[in-house]
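Written below as structure tokens is the structure these notes are about.
The values are calculated or read from the model by the stated rules, or taken from the named source; none is laboratory data. Because the structure is a prediction, the values reported are computed rather than measured.
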Amino acid sequence: MLTIALCAVLTAAGLAFAVKTAYRRRYLTAVRIAAVSLLPFGLALAGLVTLGRKVGTATADWATDLVFKPTVWLGFGVIAVSALLYGATRLISARTDPEQPPAAVPGASTPALPASRPAAKRRGSADSGLSDFADVEEILKRRGI
């Protein structure tokens, strides 16, 4: 009973941390944290983690519990959900993050931009955005304004 309570507290703390991470909009990391935090509770329900009792002494009791207790089934279900969540996040991150370029080249003064993204105009540049209004200025001159 103490094992399940302790593992439930660990799972609740992990899920709270996952919610906090999701609040920061880091959803993949939050799902991974949730998957890992479900493991202690699933292992405790399945009877694979015990406190105060040697694991090898009661294998027959564990086998009968596996067949007749729905909580053991629930424990294996929680472990399976945890594994599926973690595996899904690994697949999603592998598809969305193919070979990210380095943030900065050693010895460079500015960070490198990915090739797919065009470089943004800087505010203090030579044209300072006035070339955008060249067409408007020409129309106003033609009309005498």
ask   = Of all residues in segment 1-32, how many are over 18 Å from TYR86 (Cα atoms) and aromatic (Phe, Trp, Tyr)?
value = 1
query = Which of the following residues is part of a loop (DSSP other than H, G, I, E, B), modelled with pLDDT of 60 or more and under 29 Å from the mean Cα position of the chain (by Cα): PRO114, PRO98, PRO118?
reply = PRO98
